[in-house]
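Visitor: Can you read through this structure? Questions will come right after.
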Amino acid sequence: MSIIRALEGGDLQAVAGMFQRVLRKDRTEAPASLVEYMKRFYLDAPGGGGDLRSHVHVNDAGRVSGFVGVHTLPMTFNGRQLRAAACSSLMVEDHERDPMAGARLLKAFLDGPQDISFSETANDISAKLWTRLRGVVLPQYSLDWVRVMRPSTFMVSLLANRTGLARILNPFAHAFDRFYCKRMQHNERRWSGVAADGAGHGAFRTADIDSDVFAKLIEPFTAHFALRPDWTESQLDHILTDAAQKPDLGDLVYVSVASPAGANVGAFAYYARPDRIGRVLQILALPGQVGSVIDCLIDHAAARRVCGLRGRIQPALLEAMLGRRIAFVPVASTVVHSRDPALMDAMKNSQVFLNGLAGEQWSQLIGGRFT
């Protein structure tokens, strides 16, 4: 008979192999670096372990054939200390032999001791499982946003995801983009690009900062959320160190934004690589300052020759983005579950700081390289 039990160190090779085959569609053997990373991520991370564990499904032949990964997120709700748990890498092999394995894994996770359960990477199948178990999809947190800055280079970057040979077109794309963007009026906003003189962030000033300074800005820029992360210094250092280890995405750049009067009003972190689409990890902004922070992000990325930007939406960003020729794409759903009605209401009403650092996008399992 198949069983669900807590993840153990001896399961990691099987789990890594399943991750390689099921989620990365790669039939080669899982590299040792992936096994070691999963050990650090699921078993040894600061704040992890204890009674809040990842789970494996063991089939009736005694083989690990399913997995749900769990990592913890300390949170606070109007001064009350909570534990949230992110559901990561829900996967099942041999689904035909045990069609309920995925549902049983998810139920074991949701029945855990955490106050809040969530995932920002639920596909259609996973989202249906969540809702059947009284979870809720948060549509206002469930979109990716995209801003095209240099249209031809942007298209070449998309094509290069399928074939690296597409990059031989970059010189032609650069020439077209220079011509096209220079013809745009000052501060003109088009869906297809950004003017050569930038998005127009006015007298707002940006400054490159390091991860330590960025970490100190998170609390003041999230304090207005009723439900928000409450990381320890070691937990946040672990997250930001991990997030920086994605060379295929480029350098992880941290930037603060100051108003014309010199007051800090926001910050952002994104991956920058010339002629590639930059991945935005986090945008932070005081209420009323989101638009200026986004304009600063666009101009900063353009100066680093990034051809476009992509990130995960948060409701606090949405209004400002609507007027800035930013497109929205459904990629995966953010889903939540809690036995506390007050917490569910806060999440449904967009009072929670979620996605990005408060999620899974920083993990090397998303966009990392293992060899």
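The values are calculated or read from the model by the stated rules, or taken from the named source; none is laboratory data. What you see is a predicted model, and the numbers here were worked out from it, not measured in a lab. Using ideal geometry, Cβ is built from the backbone for each residue, glycine included, and neighbour counts are taken over all protein chains shown. These accessible areas exclude ligands, DNA and RNA; they are computed on the full protein's heavy atoms, side chains included. Shrake-Rupley method; radii C 1.70, N 1.55, O 1.52, S 1.80 Å.
Visitor: Could you list all residues from segment 212-237 that are open to solvent by 40 Å² or more (accessible area, probe 1.4 Å), touching a helix residue (DSSP H, G or I) at 6+ places or on another chain (Cβ under 7 Å) and of a type in the set (Gly, Ala, Ser)?
Guide: Result: no residue meets the conditions.
Visitor: Across segment 126-142, what is the total count of residues that are in contact with a helix residue (DSSP H, G or I) (Cβ under 6 Å, 6 or more places away or on another chain), in a helix (DSSP H, G or I) and either farther than 30 Å from His300 by Cα or open to solvent by less than 30 Å² (accessible area, probe 1.4 Å) (or both)?
Guide: 1
Visitor: Of all residues in segment 34-56, how many are touching a residue at least 40 places away in the same chain (Cβ under 8 Å) and either more than 26 Å from Trp231 (Cβ to Cβ) or of a type in the set (Lys, Arg) (or both)?
Guide: 2
Yes/no matrix, rows are residues, columns are (1) among the aliphatic types (A, V, I, L, M); (2) at pLDDT 95 or above:
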site: Ala272; (1), (2): yes, yes
site: Arg279; (1), (2): no, yes
site: Ile294; (1), (2): yes, yes
site: Gly311; (1), (2): no, yes
site: Val331; (1), (2): yes, no
site: Lys348; (1), (2): no, yes
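Visitor: Scan segment 48-71 residue by residue and report those that are on the phi > 0 side of the Ramachandran plot and either in a loop (DSSP other than H, G, I, E, B) or crowded, with 21+ Cβ neighbours inside 10 Å (or both).
Guide: Selection gives Gly50, Gly62.
Visitor: Scan Ala45, Ala84, Ala30 and give me the residue that is open to solvent by less than 30 Å² (accessible area, probe 1.4 Å), of a type in the set (A, V, I, L, M, F, W, C) and assigned to a strand (DSSP E or B).
Guide: When all the criteria are applied, what remains is Ala84.
Visitor: Name the single residue that is surrounded by the most Cβ atoms within 10 Å (Cβ to Cβ) among those in segment 143-171 being free of Cβ contacts under 8 Å to residues at least 60 places away in the same chain and in a loop (DSSP other than H, G, I, E, B).
Guide: Residue satisfying both the conditions and the ranking: Asn161.
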